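One structure is given here, and the rest of the page talks about it.
The values are calculated or read from the model by the stated rules, or taken from the named source; none is laboratory data. Keep in mind that this is a model prediction, so the values were computed, not measured. Neighbour counts are summed over all protein chains in view; Cβ atoms, including those assigned to glycine, are modelled from backbone coordinates with ideal geometry. When the accessible area is computed, the model is the full protein with side chains, heavy atoms only, and any ligands, DNA or RNA have been set aside. Shrake-Rupley method; radii C 1.70, N 1.55, O 1.52, S 1.80 Å.
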Amino acid sequence: MSEWTIGVIGGSGLYAIDGLEDAQSIRIDSPFGEASDEVVIGSLHGHRFVFLPRHGKGHRISPTDVNARANVDVLKRAGCTDILAISAIGSLREELPPGSFVIVDQFIDRTVNRTKSFFGTGMVAHVSMAEPVCPRLSGLAAAAARVAGAPVSEGGTYLAMEGPQFSSRAESHMYRAWGCDVIGMTAMPEAKLAREAELPYALVGMVTDYDCWREGEAHVEVGAIIAQMNSNSAKARQLVIELARSLPQQRAASPIDTCLDFALITAPDARDPRVLAQLDAVAGRALRAR
Ligand SMILES: CSC[C@H]1O[C@H](OP(=O)(O)O)[C@H](O)[C@@H]1O
Ligand SMILES: Nc1ncnc2[nH]cnc12
């Protein structure tokens, strides 16, 4: 097996991946509560892959209730080195029609009802989110998406909204004026938590709709999204296979692997042992070092 273990978080329409050898479904406990589901662990082209459906089997869990802390924690416990997240998104740009795959590289977080950090009183950390995605994994995902036959746009700003209702037209226009390219309900705090867990993260957004800003276009609703999602998800499954085919055997270190070295601020004698115990997986490396 190679040095990579890729955690794949599947969003709306992607509840499994294809081709995993020796696949096993495993429930992993987390001190942060219940993850969305069991993880499926197997190998693809000589690399370990760990799959987790973000909304659980059967899409049971609403965006606000996705326990992103538990999800990222169990992926870390499963030995993941990197996270590839896959999401359905609305488009805020004419040139990103339904069916486009957007390799997101920036976020604006407008979510308001979620726990956004593994850290807190008793162990404080401040990671940088200036460059919120991993350029290496994003580039590999973009190339894999092209081989899978998807129209790919590299770079784009994702507006994370609370939901579950879609945006009003005024909001949709405002997000466009802010420079956002796509919109969804789940990548935050997921991307922030991946960074806190020292896991390089890439987000492939699959456009399902034009949200509600576009003159003359039916405004977004779930029926149309599901139809588009089904055609996107075949390409997403192929993308994962192509990514596995293209990964090198060795994984060069990423600066994200050790980013907590520059983020932990609480003095050793002021740290709360109960908080530290919860952080054994996500911050174990950094806490042992300092
Ligand atoms: C089914 S449309 C709205 C729903 O789809 C996206 O989910 P995910 O990011 O997990 O693919 C969006 O964020 C909403 O949760
Ligand atoms: N228009 C939209 N708004 C928010 N999340 C979405 N997911 C897919 N389409 C979306």
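Take residue 283 and decide whether it is over 21 Å from the mean Cα position of the chain (by Cα), open to solvent by less than 70 Å² (accessible area, probe 1.4 Å) and within 23 Å of residue 33 (Cα to Cα). No.
The residues listed here are 13, 79; of these, the one that is touching a residue at least 24 places away in the same chain (Cβ under 8 Å), assigned to a loop (DSSP other than H, G, I, E, B), open to solvent by 20 Å² or more (accessible area, probe 1.4 Å) and out of contact with any Asp or Glu (no Cβ under 7 Å at 6 or more places or on another chain) is 79.
Summed over region 165-188, the residues that are surrounded by fewer than 21 Cβ atoms within 10 Å (Cβ to Cβ) and under 27 Å from residue 141 (Cβ atoms) give a count of 4. Against the conditions (1) modelled with pLDDT of 95 or more; (2) within 14 Å of ligand 2 (Cβ to nearest atom); (3) of a type in the set (S, T, N, Q); (4) surrounded by fewer than 20 Cβ atoms within 10 Å (Cβ to Cβ), residue 238 satisfies every one except (2). Can you tell me which residues in region 107-153 are open to solvent by 20 Å² or more (accessible area, probe 1.4 Å) and hydroxyl-bearing (Ser, Thr, Tyr)? Of everything in region 107-153, those that are open to solvent by 20 Å² or more (accessible area, probe 1.4 Å) and hydroxyl-bearing (Ser, Thr, Tyr) turn out to be 115, 117, 121, 128, 153.
State whether one or more residues within region 45-56 are within 16 Å of ligand 1 (Cβ to nearest atom), within 21 Å of residue 199 (Cβ to Cβ) and of a type in the set (D, E, K, R). Yes, the conditions are met somewhere in region 45-56.
The one condition from (1) open to solvent by less than 70 Å² (accessible area, probe 1.4 Å); (2) basic (Lys, Arg); (3) closer than 30 Å to residue 150 by Cβ that residue 245 does not meet is (1).
Conditions tested, residue by residue: (1) in contact with a Gly (Cβ under 8 Å, 6 or more places away or on another chain); (2) within 11 Å of ligand 2 (Cβ to nearest atom); (3) acidic (Asp, Glu).
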residue	(1), (2), (3)
150	yes, no, no
153	no, no, no
161	yes, yes, no
171	no, yes, yes
193	no, no, no
213	no, yes, no
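If you go through region 16-67 one residue at a time, how many are within 16 Å of ligand 2 (Cβ to nearest atom), without any contact (Cβ under 8 Å) to a residue 40 or more places away in the chain and open to solvent by 40 Å² or more (accessible area, probe 1.4 Å)? Qualifying residue count for the region: 1.
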